[in-house]
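Bear in mind that the values in this text are calculations on the coordinates, not laboratory data. Note that this is a predicted model, so its numbers are computed, not measured. Don't worry about glycine lacking a Cβ; one is built from the backbone with ideal geometry, like all the others, and counts go over all protein chains shown.
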Amino acid sequence: MNLYAVLAIYNFEMARTRRTLMRSIISPVISTSLYFVVFGAAVGSRIPEISGVPYGAFIAPGLIMLSLLTQSVSNASFGIYFPRFTGTIYELLSAPISYLEITIGYVGAAATKSIILGLIMLATASLFVPLRIEHPFWMLIFLVLTAFTFSLLGFIIGIWADGFEKLQLVPLVVITPLTFLGGSFYSTDVLSPFWKTVTLFNPVVYLISGFRWSFYSIADVNVGISVVMTIVFLSVFLIIIGWIFKTGYRLKH
């Protein structure tokens, strides 16, 4: 393992975050705070509790997960797309560094930024709603696994995209709708049996359900299934990245 190369990529990406602090951290925190104000005050006044949890506190894990997913994808996709756009990716591919080390550097930096953002948002949420974390260990596990999993997805998108517009396509058209429909603002128990079954085909449901369980011990899906599904997503994205580097898809042509 060429740790010097991995750290060079990692430190470069983390330095970019410091240069774009407003877009990387402050903007998502402000946006999520507005969600708490709007949904917590407006909707929360009509829905006092869900499963014994105040509505504002109930939606907190979903809002944190929403930002975590979108930021993980955005950070990783831009991180690998920019070297492709400028042409410096060819210098990286010709350097004495393996594909695994390249992936670790970029994905590790993107996941680190997302985890930091998630913890900041957790602290911010505690200012608005009465949060409690009954399983802090599992909360961190879901936070870390989700950040790395969707950073891998962002890495794939950054290689696939051939323009800046496509970098925003998947987060806006796919990730955000799936998160909104994945139980961020409601429990799937309120749905009819048919729609509840349909919801189970939404992968984000398992992430939000497991993350919310770590806070309040309530879940729409068994927490064991949530962990397994998260690991499955992680494995699938790793396989796809392995295929990309093996074939040189969008990298060597």
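Centre-to-centre, using Cα atoms only, the range 1-21 and the range 84-108 are separated by 12 Å.
Note on TYR99/ASP162: beta-carbon distance plugged into 1/(1 + (r/R0)^6) with R0 of 22 Å gives a FRET efficiency of 0.60. Between PHE82 and ASP189, the simple spin-label model (points 7 angstrom out along Cα→Cβ) gives 4.5 nm.
Protection proxy ranking for 189-199, 108-118, 136-146, 231-241, using the average of other Cβ atoms within 10 Å per residue and placing the highest first: 108-118, 136-146, 231-241, 189-199. If you average the alpha carbon positions of the range 195-253 and of the range 114-183, how far apart do those two centres end up, in angstrom? First find each Cα centre; the distance between them is then 12 Å.
For the chain, the square roots of the Cα gyration tensor eigenvalues, ordered a ≥ b ≥ c, give a/c of at least 1.5 with a/b greater than b/c, which places it in the prolate category. Span-like helix criteria (full DSSP H runs; alpha carbon extent of at least 20 Å along the helix axis; mean Kyte-Doolittle hydropathy of at least 1.6) are satisfied in the chain by 136-160, 223-247. Here the contact order of the range 3-247, divided by its residue count and restricted to Cα pairs under 8 Å and six or more residues apart, works out to 26 percent.
What is the range 113-253 by shape, rounded, prolate or oblate, if you read a ≥ b ≥ c off the alpha carbon gyration tensor as root eigenvalues and call it rounded for a/c under 1.5, prolate for a/b larger than b/c, and oblate otherwise? Prolate, because a/c is 1.5 or more and a/b exceeds b/c.
Think of it as helices only: each DSSP H run of n ≥ 4 in the chain is worth -39500 (n - 2.57), and spread over all residues that comes to -23000 deg cm²/dmol at 222 nm. Under the shape rule built on the C-alpha gyration tensor, where the axes satisfy a ≥ b ≥ c, the range 129-173 is oblate, since a/c reaches at least 1.5 while a/b does not exceed b/c. Taking 0.36 nm per residue of separation and subtracting the current Cα-Cα distance, fully stretching the chain between SER217 and LEU200 would add 4.2 nm. Here is the list for the range 77-154: GluC sites (Glu not before Pro) lying in DSSP coil, each with at most 13 other C-beta atoms within 10 angstrom of its C-beta, are GLU134.
Could you work out the local net charge near VAL223, counting Lys and Arg as +1, Asp and Glu as -1, over the other residues with Cβ closer than 14 Å to its Cβ? Every neighbour counted, the sum reads -1.
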